[in-house]
Structure formats: structure tokens, C-alpha cells
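Trainee: Submitted below is the structure of interest, expressed as C-alpha cells.
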Amino acid sequence: MWAYFKFELTQFIRNKKNIAVYVILLFLACFYAFEMAPSYKPIERVDAREIESRYLVREAFLSEFRDNPDRFSGMAGFGLAIYPEWNRLEKDRLDALNTGDYIKYSEATSGWYVYSNNFTYNSDFFSYSPGYYSHGNLYAEDDGYYGYLYSASRYKGYAEGKSELSLNVFEERTALQTVQRLLESYLPLILMIGCIFLTVDIVLKDRLNPTILKGFPISDWKKVVVKGFVALIGSIGMVLPLSIGLIFIGINYGFGDFNLPVPIYTLGEDVAIFLKGDFVNIPMGHYLLENFMLIALIFIFLISLILLSSMVIKNEFANLVVGAVFITNEVFYFKRGIGYWHEVELYPTNYVQVGQILSGYRNYIYGSSQLILNNGLIVMGISSLVLVVFIFIISKIKRYKLI
């Protein structure tokens with residue numbers, strides 16, 4: 001069996017299609033590092049001029065009505081009641097930036113986001129940062145609510161933690177924070193697509209060398225297990241070309257550290273759909289480890305799915321279609337708030353967006369509290385086990401012999 005493993009691993013490494021996958025990933029990583037990372041513009045950025053502008057406008061309002069009490073009205077009274085604290089927080093932020101006191105800036109900014117959110121959500125007079133309203137976003141207010149409390153939790157973690165702080169950390173530009181952002185975006189999809197392409201021909205290529213393969217005295221079941229293990233090693237190996245781009249990002253913006261806070265959204269069991277949850281922080285290292293665990297299990301599921309398809313359908317294009325259906329199936333039933341009525345945590349396809357699952361964002365938009373790591377591991381684990389059982393049964397049927 002060891003000899004067969006070495007044979008399969010050698011073939012996998014020499015496969016031109018597999019080499020092309022790694023080269024494409026390397027190109028994408030470098031392209032992101034040199035072209036996209038520098039142009040990244042966070043919605044919640046550090047901008048002293050913007051802070052000062054808001055401060056001066058509110059200060060002028062307060063001075064105007066303090067000096068002219070005869071112009072006092074209902075709305076002016078509202079402004080006079082809430083603006084002093086708002087401006088105190090703005091001034092603390094501005095002073096901390098000017099002196100380079102990033103701990104004080106983090107404390108004031110965390111309080112500013114909480115205070116701002118209290119008066120902005122469901123308000124007819126205030127709005128969130130303009131970036132939430134771009135591209136005709138119909139859920140801008142909900143996204144603003146999530147973004148403000150996410151930022152409040154993040155800055156609270158900076159103030160209470162021991163990580164070295166910088167403007168790049170505040171804007172989540174460091175290498176580890178870039179990984180975090182990408183895991184909550186399209187990186188899981190790229191990794192899963194890569195896994196599919198690496199696995200799509202691992203069984204069907206045997207038709208090219210039937211004589212050599214008949215020389216290995218092991219059963220089809222053991223051969224499939226070895227192929228699956230090789231495909232898993234190759235899929236995890238996609239981290240290597242991608243890490244090259246992260247090294248360049250780290251050189252330019254800093255690498256960050258594994259103690260940086262990552263806000264996780266939580267929604268209680270008894271919370272109605274129209275109420276909101278809260279955020280807790282976990283260390284970056286913990287968050288990345290959870291992502292690795294769930295992605296690795298999804299790799300096992302995908303590899304098992306394609307192995308089964310290869311044995312039954314025996315067509316590479318069909319394998320691609322089967323893998324693509326798993327990745328894209330969520331778009332056919334996705335709807336905000338659907339998790340309040342349906343047990344979406346039972347669908348394996350709901351765990352494709354791994355980073356959004358572990359950050360709690362999927363719970364937020366689904367209106368669920370069960371799209372969490374433990375349920376993801378259980379669902380994907382059971383689904384993978386079912387596929388493995390089917391592979392074992394089919395491997396014993398002569399009609400579906402590998403060669």
C-alpha cells in the first residue's frame with residue numbers, strides 16, 4: 001500500500017493540470033498582494049479629517065443654540081442632548097490620533113461606535129458610513145448595524161489586548177487580517193474550486209495506465225482511500241502558493257499577530273427575528289484554526305463526492321458539475337431571515353462560506369443561531385461518512401471497478 005501511495009503522489013505532483021492549478025493560485029496571490037491589497041478601502045477607515053469635520057459641525061451647532069436660547073426647538077433640544085457626548089468621543093479620538101496614543105484611540109473609538117449605533121439604527125435623522133449604501137444595497141441599515149458593533153468589539157479588543165497597534169491594524173490591512181477578510185469573502189470558494197480541479201481526474205486517469213496499475217495487489221477500496229488521501233494532501237498544499245502573496249502583504253503592511261481580536265457575532269436562542277445579538281472577541285489564532293478544521297472537512301466531503309461520481313458516472317465533466325452544484329447550490333434558496341423558519345444548519349451547502357459561518361455573519365443574515373462550528377463539523381462529518389460508506393459498497397461491485 002505504501003508503494004501505491006508513492007506512485008499516486010508522484011503522479012499527482014507531475015500532473016500538468018495540477019501544476020497549472022498551483023501556478024494559477026500563485027499568480028492570483030501575487031496579483032492580490034501587488035494590485036488589490038494596496039487599493040483596499042475599508043468602509044470603517046481611520047480618517048482624522050473626517051473625525052475633525054464631524055466634530056466642528058456639531059460644535060458649531062452646539063455653540064449656535066447655546067448662544068441663542070430663543071431659537072430653541074424640539075429637534076434642537078434633541079441635538080443639544082446627544083451631541084455633547086458624541087463630540088467628547090470624537091475629540092478623544094482626534095487627540096489620541098494626534099499624539100499617537102493608539103490604546104486611547106481604541107477605547108474612544110469603541111465607545112464612539114456603540115454610541116453612534118444607538119442613535120443611527122432605525123433613525124430618520126442619522127445614517128451609517130456611506131460605504132454601506134453603495135451599489136443599491138437594500139440592507140444598508142442592517143449591514144451598518146453589524147459593521148458598527150463589529151468595529152466596536154474589535155476596537156475594544158485592541159484596547160484590552162497586548163498586540164502592537166498601528167493604523168494598518170486598525171484598517172485590517174496586515175497579512176493575518178487580510179486572511180481573515182478573505183476567509184469571509186471569496187477565499188473559501190477559490191480553495192474549494194481548486195480542490196475540485198485537483199481531484200476531478202484522480203480516478204479516471206487510471207484508464208491511461210491499466211497495465212501498470214494491475215501490478216499493485218491491493219483492492220479497489222484501498223486504492224480509492226489512497227487516492228482520496230493524496231487529493232487531500234494536494235488540496236491542503238494550496239496554502240503554499242497562496243502564502244507567497246501573504247508574505248508580500250506582510251512586508252508592506254505588517255504581519256499582525258495571533259492575539260489580534262476577531263469579533264464573533266452571537267444570537268441567543270430566545271431572540272426574536274427583529275432583535276439583534278452581540279459580539280464577543282476570540283484570538284486570531286483560534287479563529288484561523290477553526291477555519292482550517294472546517295475547510296479540511298469540506299475538502300474531505302468534496303473529494304469523497306468526486307470519487308463517488310468518478311466511480312459511478314466515469315466522466316470528468318460530470319465530476320466538475322457535481323462539485324459546482326455543491327458550491328453554488330445555496331444561491332437557489334438563500335434569503336435573508338430564512339433561518340428563522342427553516343433549519344438551515346442541516347444543509348451541507350450552507351457551510352461553503354466558512355469564514356462567514358465562523359464569524360457569525362451567516363447567522364446574522366439568516367436569522368439563525370445554529371450556523372456554528374460544532375454543527376458544521378457534525379453535518380459535514382456525517383455527510384462525508386455517508387459518502388465513504390457508499391464508496392466502500394460500490395467498490396465491491398464488479399460493474400464499478402476502477403479499471
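Trainee: Which of the residues that make up the range 156-202 are open to solvent by less than 30 Å² (accessible area, probe 1.4 Å) and charged (D, E, K, R)?
Mentor: Glu171, Glu172, Asp201 - these are the residues of the range 156-202 that are open to solvent by less than 30 Å² (accessible area, probe 1.4 Å) and charged (D, E, K, R).
Trainee: In the range 16-30, what residues are open to solvent by 30 Å² or more (accessible area, probe 1.4 Å) and touching a residue at least 40 places away in the same chain (Cβ under 8 Å)?
Mentor: Selection gives Lys17, Tyr22, Val23, Leu26, Leu28, Cys30.
Trainee: So Leu371 passes all but one of these: (1) part of a helix (DSSP H, G or I); (2) surrounded by 13 or more Cβ atoms within 10 Å (Cβ to Cβ); (3) without any contact (Cβ under 8 Å) to a residue 60 or more places away in the chain. Which condition number does it fail?
Mentor: Here Leu371 meets the rest and fails (1).
Trainee: Follow-up question, since we're still on this one. Looking at the range 378-394, I want the residues that are under 16 Å from Pro348 (Cα atoms) and have a partner that is loosely packed, with under 13 Cβ neighbours inside 10 Å with Cβ atoms under 7 Å, at least 6 apart or on another chain. Which pairs are those?
Mentor: Val379/Leu346
Trainee: State whether one or more residues within the range 161-178 are among the charged types (D, E, K, R) and either without any contact (Cβ under 8 Å) to a residue 40 or more places away in the chain or in contact with a Pro (Cβ under 6 Å, 6 or more places away or on another chain) (or both).
Mentor: yes
Quick grid of which residues meet (1) within 18 Å of Gly194 (Cβ to Cβ); (2) not polar (S, T, N, Q):
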| site | (1), (2) |
| --- | --- |
| Ile313 | no, yes |
| Glu316 | yes, yes |
| Phe334 | no, yes |
| His342 | no, yes |
| Gln353 | yes, no |
| Leu358 | no, yes |
| Ile365 | no, yes |
| Phe392 | no, yes |
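Trainee: So which of Ser185, Ser235 ends up being within 30 Å of Tyr40 (Cβ to Cβ), among the polar types (S, T, N, Q) and touching a Cys at 6+ places or on another chain (Cβ under 6 Å)? Step through it out loud before you land on a result.
Mentor: Values: Ser185 fails: touching a Cys at 6+ places or on another chain (Cβ under 6 Å).
Result of the check over Ser185, Ser235: Ser235.
Trainee: Go through Gly237, Gly161, Gly228 for me and flag whichever is outside the structural domain of Ser384 (by TED's automatic domain parsing) and more than 18 Å from the chain's Cα centre (by Cα).
Mentor: The conditions single out Gly161.
Trainee: Right, another one. Please state which one of Val322, Val344, Val354, Val386 is surrounded by 21 or more Cβ atoms within 10 Å (Cβ to Cβ), at pLDDT 90 or above and β-branched (Val, Ile, Thr).
Mentor: On the way: Val322 fails: surrounded by 21 or more Cβ atoms within 10 Å (Cβ to Cβ); Val344 fails: at pLDDT 90 or above; Val386 fails: surrounded by 21 or more Cβ atoms within 10 Å (Cβ to Cβ).
None of the others qualify; the one that does is Val354.
Trainee: Separate question: Which one of these does Ile306 not meet: (1) assigned to a loop (DSSP other than H, G, I, E, B); (2) at pLDDT 95 or above?
Mentor: All conditions are met except number (1).
Trainee: Determine if the range 204-215 includes at least one residue that is under 20 Å from Tyr361 (Cα atoms), assigned to a helix (DSSP H, G or I) and open to solvent by 10 Å² or more (accessible area, probe 1.4 Å).
Mentor: The answer is no, given that none of the residues of the range 204-215 is under 20 Å from Tyr361 (Cα atoms), assigned to a helix (DSSP H, G or I) and open to solvent by 10 Å² or more (accessible area, probe 1.4 Å).
The values are calculated or read from the model by the stated rules, or taken from the named source; none is laboratory data. These figures come from a predicted structure and were not determined experimentally. Note that each Cβ is placed from the backbone with ideal geometry, even for glycine, and that neighbours are counted across all protein chains shown. We work out accessible area using only protein heavy atoms, side chains counted, and drop any ligands, DNA or RNA first. Shrake-Rupley method; radii C 1.70, N 1.55, O 1.52, S 1.80 Å.
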